[in-house]
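Report on the following structure.
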Amino acid sequence: MYQPRTIESDVHWIDIDGIKIYTISATNKPINISMFNKRLATVKSQSEVNWRETAAFAIYHDGENYKYLVLAWWGNDNELFTSVSVKIKHKWVIDPKQYSFCLYDMEVMWRERNIYIETMDCEVPSLIGYRVSR
C-alpha cells in the first residue's frame with residue numbers, strides 16, 4: 001500500500017558532470033549518498049552521453065527491499081531516457097525485464113519534467129538554470 005516517502009535534494013547535490021541528485025527513503029531516514037556515487041560513475045561510463053552538456057538527474061532510492069539508482073537524462077529535444085540499477089545482495093545489476101523505476105521515482109520525474117520545460121524546452125534554454133532548480 002502506498003505510503004509517502006521522504007524525497008530530498010539540494011542545489012549542492014550535484015556530481016562532477018552536473019547531474020542533479022535526489023534521494024528517496026522508504027524508512028524516511030537520511031540516505032548516505034556516498035554509497036551510490038560509485039555506481040553512478042560506473043553507469044555513466046557505460047554510455048556515450050556527454051554528461052557535462054546534458055540535462056540529467058539521478059535518484060538514489062533506498063527502497064523497502066533493495067537500493068535503486070535511477071539515472072535519467074534528456075535527449076532528442078524532449079525525451080527522458082532512463083537507466084535503473086538495483087543492488088541485490090552486494091552486487092549492482094541492470095535488468096529491465098525485472099526492475100524499473102517506481103511510482104515514488106515518478107514524483108521526482110514529474111518535478112523534473114516541469115523544471116525541464118521551464119529551463120530547457122523554452123525560448124532561452126539554460127543548462128545552469130536546469131541544474132540549480134529543484
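Brief remarks on what is shown
- Check on Leu80, surrounded by fewer than 16 Cβ atoms within 10 Å (Cβ to Cβ), of a type outside the set (Gly, Ala, Ser) and either in contact (Cβ under 8 Å) with a residue 24 or more places away in the chain or in contact with a Lys or Arg (Cβ under 6 Å, 6 or more places away or on another chain) (or both): no
- Taking the criterion of being modelled with pLDDT under 95 and either within 14 Å of the chain's Cα centre (by Cα) or of a type in the set (D, E, K, R) (or both), the only residue of segment 32-57 that qualifies is Ile33.
- Qualifying residue in segment 86-97 (condition: touching a Gly at 6+ places or on another chain (Cβ under 6 Å) and open to solvent by less than 40 Å² (accessible area, probe 1.4 Å)): no
- Within segment 118-134, the set of residues being more than 21 Å from Asn37 (Cα to Cα) and open to solvent by 70 Å² or more (accessible area, probe 1.4 Å) comprises Glu118, Asp121, Glu123, Val124, Pro125, Ile128.
- Residue count for segment 1-25, restricted to those that are touching a His at 6+ places or on another chain (Cβ under 9 Å) and touching a residue at least 60 places away in the same chain (Cβ under 8 Å): 3
- All conditions but one from (1) surrounded by 13 or more Cβ atoms within 10 Å (Cβ to Cβ); (2) touching a residue at least 60 places away in the same chain (Cβ under 8 Å); (3) not small (Gly, Ala, Ser) apply to Cys102; the one that does not is (2).
The values are calculated or read from the model by the stated rules, or taken from the named source; none is laboratory data. For clarity, every value in this text was computed on a predicted model and none was experimentally measured. Neighbour counts run over all protein chains shown; Cβ positions are idealised from the backbone, glycine included. Keep in mind that these areas ignore ligands, DNA and RNA; they rest on the heavy atoms of the full protein, side chains included. Shrake-Rupley method; radii C 1.70, N 1.55, O 1.52, S 1.80 Å.
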